[in-house]
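Here's the structure, in structure tokens; my notes come after.
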Amino acid sequence: MARKEKRYVAKMEMYIYAENDYMARRRAHELRKAIDENVGNTRASVEELGEQPFASLEYRKLKDQSEPISKKREDELPF
């Protein structure tokens, strides 16, 4: 008889450092992709993203937490 695995939900929170909101979104989604690729079909997602300065109670939730669209480099050919 095959052993049946149960499914669990794990909510994770971590700090990332970035120069601006765009880079924070980009790094968060890079981490999400790395988890999916290395762990396998986890369906990881970015539920919330916000800015919180070190040693501060201030928190600014980003309105847009979607994955940024990659910009083409200017030196790339259009075809």
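The values are calculated or read from the model by the stated rules, or taken from the named source; none is laboratory data. These numbers come from a predicted model, not from an experiment. Cβ atoms come from the backbone with ideal geometry, glycine included; neighbour counts cover every protein chain shown.
Restricting to region 17-45, and then to whatever is among the small types (Gly, Ala, Ser) and touching a residue at least 12 places away in the same chain (Cβ under 8 Å), can you tell me which residue is farthest from SER70 (Cα to Cα)? The selected residue is ALA44.
Looking at TYR15, TYR8, can you tell me which residue is hydroxyl-bearing (Ser, Thr, Tyr) and at pLDDT 90 or above?
Step by step, each of TYR15, TYR8 is checked, and only TYR15 is hydroxyl-bearing (Ser, Thr, Tyr) and at pLDDT 90 or above.
Going by the conditions given, is ILE69 part of a loop (DSSP other than H, G, I, E, B), at pLDDT 85 or above and of a type in the set (A, V, I, L, M)? So ILE69 fits the description; yes. You will find that of LEU57, LEU49, the residue that is exposed (fewer than 10 other Cβ atoms within 10 Å of the Cβ) and at pLDDT 90 or above is LEU57 and no other.
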